[in-house]
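Chemist: Before anything else, here's the structure in question.
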Amino acid sequence: MADIFLSYRRQDSQSATGRLGDRLTAHFGPMRVFRDRESIVAGDDFAEAIRRAIGTSVVVLVIVGPDWLTARTADGRRRLDDEADFVRLEIESALLGGVPVIPVLVEGAVMPAATALPPSLARFARCQATELSDTRWNYDVDRLIAMLQARFAIESEQAVPGSGSAADGHLNPFARLALDLLELASHPTRLIARQQTGHALDHVRAFMFLLAVLVLGNFAFLLSVGAQSLGEWIAVGVILGLLTVTFLATMLTLAWRIVGTRIEFRQVTLILAYIYAGVWIGFCAGALLAATGVQLVAPEVFTDYLAIVRTTAPLGQRMAEARALLEQTLHGPAAALFVIACLVWGVAAVWTVVAWGAFRNSFGCTRLKALAATSVWLAILLTLTQLAALAGRSL
């Protein structure tokens, strides 16, 4: 989905919107600007597609022309008074979802008074507007673009003059990874929506992002516990992470199909790769804090822990001894950092719930169906876990 959503009434400001849309697209790139006719996929429910697009947008630009307020239907009713009017629906969705709304006045239009608007749009009258004058069009649009970049940090995808590459393409991979991680942490559904452009490279980018995060997370955690042979441990951790994502995606695809939503495995893996990456970073951040605290209290505890695990004693005995060893260290700085680690894990859990909405946004389904698919998925995982536990006890 795009960062900038253009809301306009065709019979009022189609020409001005076209000019503005072309300038924004030329500067930010076609994937950053949403225009209904060009951005909605054939076969999509128009109203639902609008809601999804606004929900993942950074800002909504409402183009207000001279007839925006008074536009009427063929039978003489004012369009804004119709609850099914798409312009009204777009603004209501943005205001309700907390998405910033900027009125853009064109062709001499003025901001409507709150009393002239339906009650659900009264807040729109208090939004700070910007004017695009025909006599200074380029100057005003340049100011609007500068404001969008400064206030909302919307990046340009276009080539830097003389570079021959996209504006974000000249960033080194580490800078790109850092920016994506920051956006994933703050706006997960927005980042995930942006990564779904419909190109085959979407899946390559998702895989590389997940791979980088797995390596980073494993390295940080293993370094904190003083593990030897870091390369081998990281390789094992990365392989296990990729296998875990594949398994979870397979079960989740099955769950969505059980509830009646026809989706493809690769659609699920793309979204799940980013969500798993975020969860893994959150888990490793908390584990890093907890392990650091333990190391401060007992520097050799993890060496002793591995020694216990590697003995030939019964599994239950080994786990009990290892747990008792760690419990002995939970005092002083170790206890304090463990509490902070638990807070980090709690935040990661809340983040996961928010990020999980990317599936509903991408598949265009209701919250009820998304909840049903998630419930079926969890039931499948619980059943398989219980079967594995039974099989383990029987061996």
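The values are calculated or read from the model by the stated rules, or taken from the named source; none is laboratory data. Quick caveat, the model's predicted, so the values are computed rather than measured. With ideal geometry, Cβ positions are generated from the backbone for all residues, glycine too; neighbour counts draw on all protein chains shown.
Chemist: If a residue must be among the charged types (D, E, K, R) and in a loop (DSSP other than H, G, I, E, B), how many such residues does the range 61-106 contain? If you could, list the steps in order and put the result at the bottom.
Modeler: First pass over the range 61-106, keeping only residues among the charged types (D, E, K, R): 67, 72, 75, 77-79, 81-83, 85, 88, 90, 92.
Those left that are additionally in a loop (DSSP other than H, G, I, E, B): 67, 75, 77, 82-83, 85.
Qualifying residue count for the region: 6.
Chemist: I'd like to know if the range 267-276 contains one or more residues that are touching an Asp or Glu at 6+ places or on another chain (Cβ under 9 Å) and farther than 30 Å from Phe207 by Cβ.
Modeler: Looking through the range 267-276, none of the residues is touching an Asp or Glu at 6+ places or on another chain (Cβ under 9 Å) and farther than 30 Å from Phe207 by Cβ.
Chemist: Continuing with the same structure: Which condition number does Thr73 fail, the rest of (1) closer than 17 Å to Asp12 by Cα; (2) surrounded by 15 or more Cβ atoms within 10 Å (Cβ to Cβ) being met?
Modeler: (2)
Chemist: State all residues of the range 184-194 that are assigned to a helix (DSSP H, G or I) and surrounded by 15 or more Cβ atoms within 10 Å (Cβ to Cβ); if no residue qualifies, say none.
Modeler: Of everything in the range 184-194, those that are assigned to a helix (DSSP H, G or I) and surrounded by 15 or more Cβ atoms within 10 Å (Cβ to Cβ) turn out to be Leu184, Ala185, Pro188, Thr189, Arg190, Leu191, Ile192, Ala193, Arg194.
Chemist: Any residue at all in the range 375-395 that's at positive phi, in the same structural domain as Leu216 (by TED's automatic domain parsing) and under 33 Å from the mean Cα position of the chain (by Cα)?
Modeler: Taking the range 375-395 first, the residues at positive phi are none.
Checked against the condition, which is being at positive phi, in the same structural domain as Leu216 (by TED's automatic domain parsing) and under 33 Å from the mean Cα position of the chain (by Cα), the range 375-395 yields no hits at all.
Chemist: Pull up the range 261-297, narrow it to residues that are in contact (Cβ under 8 Å) with a residue 40 or more places away in the chain and in contact with a His (Cβ under 9 Å, 6 or more places away or on another chain), then point me to the one that is nearest to Val238 (Cα to Cα).
Modeler: Result: Ala273.
Chemist: Right, something else. Right, Asp12: outside any strand (DSSP E or B), among the charged types (D, E, K, R) and modelled with pLDDT of 85 or more or not? I'd like the intermediate steps shown before the answer.
Modeler: Details: outside any strand (DSSP E or B): yes; among the charged types (D, E, K, R): yes; modelled with pLDDT of 85 or more: no.
It is false that Asp12 is outside any strand (DSSP E or B), among the charged types (D, E, K, R) and modelled with pLDDT of 85 or more.
Chemist: Criterion first (in contact (Cβ under 8 Å) with a residue 40 or more places away in the chain, in a helix (DSSP H, G or I), assigned by TED's automatic domain parsing to the domain that holds Ile54 and in contact with a strand residue (DSSP E or B) (Cβ under 8 Å, 6 or more places away or on another chain)) does Ala109 satisfy it? Explain how you work it out, then say what you get.
Modeler: Numbers: in contact (Cβ under 8 Å) with a residue 40 or more places away in the chain: yes; in a helix (DSSP H, G or I): no; assigned by TED's automatic domain parsing to the domain that holds Ile54: yes; in contact with a strand residue (DSSP E or B) (Cβ under 8 Å, 6 or more places away or on another chain): yes.
Answer is no for this residue.
Residue by residue, here is whether (1) touching a Leu at 6+ places or on another chain (Cβ under 8 Å); (2) within 19 Å of Asp3 (Cβ to Cβ); (3) surrounded by 14 or more Cβ atoms within 10 Å (Cβ to Cβ); (4) not aliphatic (A, V, I, L, M) holds:
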site: Phe46; (1), (2), (3), (4): no, no, no, yes
site: Asp67; (1), (2), (3), (4): no, no, yes, yes
site: Phe86; (1), (2), (3), (4): no, no, yes, yes
site: Pro118; (1), (2), (3), (4): yes, no, yes, yes
site: Ala122; (1), (2), (3), (4): no, no, yes, no
site: Trp137; (1), (2), (3), (4): no, no, yes, yes
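Chemist: Name the single residue, out of those in the range 195-229 being surrounded by 15 or more Cβ atoms within 10 Å (Cβ to Cβ) and not in a helix (DSSP H, G or I), that is modelled with the lowest pLDDT.
Modeler: Out of the qualifying residues, it is Ala227.
Chemist: Further question on the same structure: With the condition kept exactly as written, say whether any residue in the range 350-372 is farther than 30 Å from Ala53 by Cβ, surrounded by fewer than 19 Cβ atoms within 10 Å (Cβ to Cβ) and out of contact with any strand residue (DSSP E or B) (no Cβ under 7 Å at 6 or more places or on another chain). Lay out the reasoning, then the answer.
Modeler: Taking the range 350-372 and keeping what is farther than 30 Å from Ala53 by Cβ, we get none.
Within the range 350-372 (the criterion being farther than 30 Å from Ala53 by Cβ, surrounded by fewer than 19 Cβ atoms within 10 Å (Cβ to Cβ) and out of contact with any strand residue (DSSP E or B) (no Cβ under 7 Å at 6 or more places or on another chain)), the answer is no, since none of the residues qualifies.
Chemist: I've got another one for you. Give the range 276-287 a look and list any residue that's more than 15 Å from Gly346 (Cα to Cα) and either surrounded by fewer than 22 Cβ atoms within 10 Å (Cβ to Cβ) or not aliphatic (A, V, I, L, M) (or both), or say none. Show your work before the answer.
Modeler: Residues of the range 276-287 that are more than 15 Å from Gly346 (Cα to Cα), as a first pass: 276-277.
Matches in the range 276-287: Tyr276 only.
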